[in-house]
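Report on one structure; see the data block that follows.
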Amino acid sequence: MEGVGGERVSSTLRPGIIAAIATLVLDQASKLWLLHVFDIGHRGTVSVTPFFDLVLAWNIGISFGWFQNDNPIAQLALMAVKALAVIALAIWMARSRTLLATLALGLIIGGAIGNGIDRLAYGAVVDFALFHVEIGGKTYNWYVFNLADVAIVAGVTALLYDSFVGVPAAKAP
């Protein structure tokens, strides 16, 4: 694989790039399919199992719906912060010394870019997966999320594992 300027991408970086691209493609494909083929917007809540539903939710905030704000300036600021975070994560990934950290950073980058594309295209992130449980006649819902969110959480979990259990020389720059 060739990098910018024709230099070869190191074999340690390649898995992270592949993870980022795979995450981005799967995330965007799932959202496009749900929005335009399955037409989740017109179907409403679709029960898949007794504990899992497909439901369309437009997230104008950040993770877990925090800081909900549809102000265009706030949205631009959020996109700028996200772009800077992706750049910082890419630099970290390029310097990573373990496969686990490289893959984890690739998952986070791919997920962040996927959600960023949503924000640019729709003004909000497309969320669709909802886990819930009924206890004592009351329903408890988890946050509505998407595949990019799953990749980000998995990536952060893997980074934490790598930082506490991984090779000491592989710590972040």
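The values are calculated or read from the model by the stated rules, or taken from the named source; none is laboratory data. Please read all numbers here as calculations on a predicted model, not as lab measurements. Quick reminder, even Gly has a Cβ in these numbers, built from the backbone with ideal geometry, and neighbours come from all protein chains shown. Keep in mind that these areas ignore ligands, DNA and RNA; they rest on the heavy atoms of the full protein, side chains included. Shrake-Rupley method; radii C 1.70, N 1.55, O 1.52, S 1.80 Å.
Is one or more of the residues making up the stretch 155-166 in a helix (DSSP H, G or I), open to solvent by 70 Å² or more (accessible area, probe 1.4 Å), at pLDDT 95 or above and not hydroxyl-bearing (Ser, Thr, Tyr)? Yes, the stretch 155-166 contains at least one residue that is in a helix (DSSP H, G or I), open to solvent by 70 Å² or more (accessible area, probe 1.4 Å), at pLDDT 95 or above and not hydroxyl-bearing (Ser, Thr, Tyr).
Scanning the stretch 51-83 for residues that are farther than 16 Å from Asp127 by Cβ and at pLDDT 95 or above turns up just one, Phe51.
Which of the residues that make up the stretch 32-45 are surrounded by 15 or more Cβ atoms within 10 Å (Cβ to Cβ) and farther than 15 Å from Asn146 by Cα? Matches in the stretch 32-45: Phe38 only.
Residue by residue, here is whether (1) modelled with pLDDT under 95; (2) under 18 Å from Trp33 (Cα atoms); (3) touching a strand residue (DSSP E or B) at 6+ places or on another chain (Cβ under 7 Å); (4) open to solvent by less than 40 Å² (accessible area, probe 1.4 Å) holds:
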site	(1), (2), (3), (4)
Phe128	no, yes, yes, yes
Phe131	no, no, yes, no
Trp142	yes, no, yes, no
Ala151	no, no, no, yes
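Within the stretch 39-54, residues that are under 15 Å from Thr139 (Cβ atoms) have Cβ atoms under 6 Å from residues that are of a type in the set (Asp, Glu) in these pairs: Thr45/Asp53; Ser47/Asp53, counting only partners at least 6 apart in sequence or on another chain.
On the basis of being touching a residue at least 12 places away in the same chain (Cβ under 8 Å) and either open to solvent by 50 Å² or more (accessible area, probe 1.4 Å) or over 27 Å from Phe38 (Cβ atoms) (or both), does Leu84 make the cut? So Leu84 fails the test. Taking each residue of the stretch 95-114 that is touching a residue at least 60 places away in the same chain (Cβ under 8 Å) and looking for partners that are open to solvent by less than 10 Å² (accessible area, probe 1.4 Å) and among the β-branched types (Val, Ile, Thr) with beta-carbon atoms closer than 6 Å, six or more apart or interchain, yields Ser96/Thr102.
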